[in-house]
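Step one of this worksheet: look at the structure below.
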Amino acid sequence: MSNTQDNNRRKADETNLLNIEIIVDEDVNYVANEQRLREACTAALSLRHFDQGEIGIRVTTDLAIHQINRDHLGHDYPTDVISFSYAATPPRIEGELVVSVDTATERANDLGWSLEHELLLYVIHGTLHITGMDDHKPEDRLAMRGAERQVMLQLGIHNIDQYAADGETSPDVASLSTPSKLSPDGTSQLDVQHLPEDLS
């Protein structure tokens, strides 16, 4: 135990800030830009008026996310992102999300764009789910795609319209008829699953 003063300890009258913890699994063969992942999460939270609380981001493989998907959702296949929302009352948020670098690599290669950008999109999508957004109904899906686009543009990723999850979009119209990648159950691959339960 250190004898030095803990300057990071919150004083009683200070506002609780946002803490974003990023874990990259040891078997991931990709050097994740943790600062960019943090910026993506923060921007998505800010868009939805959250600036306090804790978010965990786990970057993992298809093998690991497949097990999480099977254990928590009963879906026996890997997916791109799974989110877990524990509390979402502005300005405070708590949740976790898991993204697969393997699925992101495959999708980025298929599309011909950056793996980093694909991962950022997964983090944004999962974060938006944690804040309470959904995408099962067409109008909700349109709102989700609009929010994703807004955050990606804020991050300086201006080709998002070309590589959007539902195909090419314009600022005013999102295509809802072409899913990005179908899972075995026929749903869009970027249709994140989210549950209010812990991963551990």
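Which residue out of Gln193, Gln189, Gln154 is under 28 Å from Pro91 (Cα atoms) and either at pLDDT below 95 or among the β-branched types (Val, Ile, Thr) (or both)? Talk me through it step by step, then tell me what you get.
Working: Gln189 fails: under 28 Å from Pro91 (Cα atoms); Gln154 fails: either at pLDDT below 95 or among the β-branched types (Val, Ile, Thr) (or both).
Only one candidate passes the filter, namely Gln193.
The criterion of at least 2 residues that are closer than 16 Å to Cys41 by Cα is met, among helices (runs of 4 or more DSSP H) falling completely within the stretch 69-170, by 115-130, 138-154. The criterion of being surrounded by 24 or more Cβ atoms within 10 Å (Cβ to Cβ) and either in contact (Cβ under 8 Å) with a residue 24 or more places away in the chain or in contact with a strand residue (DSSP E or B) (Cβ under 6 Å, 6 or more places away or on another chain) (or both) does not hold for Leu115.
For the stretch 119-134, residues that are crowded, with 24+ Cβ neighbours inside 10 Å and not hydrophobic (A, V, I, L, M, F, W, C) total 5. Contact map, the stretch 79-93: first residue surrounded by 15 or more Cβ atoms within 10 Å (Cβ to Cβ), second residue modelled with pLDDT under 95 and among the small types (Gly, Ala, Ser), Cβ cut-off under 8 Å, separation 6 or more or different chains; pairs are Thr79/Ser183.
Select, from Leu63, Leu18, the only residue that is modelled with pLDDT of 95 or more and in contact with a strand residue (DSSP E or B) (Cβ under 8 Å, 6 or more places away or on another chain). Answer to the selection: Leu18.
Kindly indicate the residue of the stretch 13-60 that is in a helix (DSSP H, G or I) and among the basic types (Lys, Arg) and also farthest from the chain's Cα centre (by Cα) among those meeting that condition.
Taking the stretch 13-60 and keeping what is in a helix (DSSP H, G or I), we get 34-47.
If we keep only those that are among the basic types (Lys, Arg) as well, we get 36, 38.
Numbers: Arg36: 12, Arg38: 10 Å.
Selected residue: Arg36.
Screening Gly156 with (1) touching a His at 6+ places or on another chain (Cβ under 9 Å); (2) under 16 Å from Arg38 (Cα atoms) gives one miss only, at (1).
Checking each residue in the stretch 35-78 for being under 22 Å from Arg145 (Cα atoms), surrounded by fewer than 22 Cβ atoms within 10 Å (Cβ to Cβ) and touching a residue at least 60 places away in the same chain (Cβ under 8 Å) picks out Arg36, Glu39, Ala43, Leu47, Arg48.
Restricting the stretch 76-112 to residues that are among the aromatic types (Phe, Trp, Tyr) and in contact with a strand residue (DSSP E or B) (Cβ under 8 Å, 6 or more places away or on another chain) leaves a set whose member that is farthest from Asp27 (Cα to Cα) is Tyr86.
Conditions tested, residue by residue: (1) more than 18 Å from Glu118 (Cα to Cα); (2) surrounded by fewer than 21 Cβ atoms within 10 Å (Cβ to Cβ); (3) modelled with pLDDT under 95; (4) not hydrophobic (A, V, I, L, M, F, W, C).
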residue: Lys137; (1), (2), (3), (4): yes, yes, no, yes
residue: Glu148; (1), (2), (3), (4): no, no, no, yes
residue: Thr169; (1), (2), (3), (4): no, no, yes, yes
residue: Pro179; (1), (2), (3), (4): no, yes, yes, yes
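The values are calculated or read from the model by the stated rules, or taken from the named source; none is laboratory data. Just so it is clear, the model here is predicted, and its values are computed rather than measured. Cβ sites come from the backbone with ideal geometry, for glycine too, and all protein chains shown count toward neighbours.
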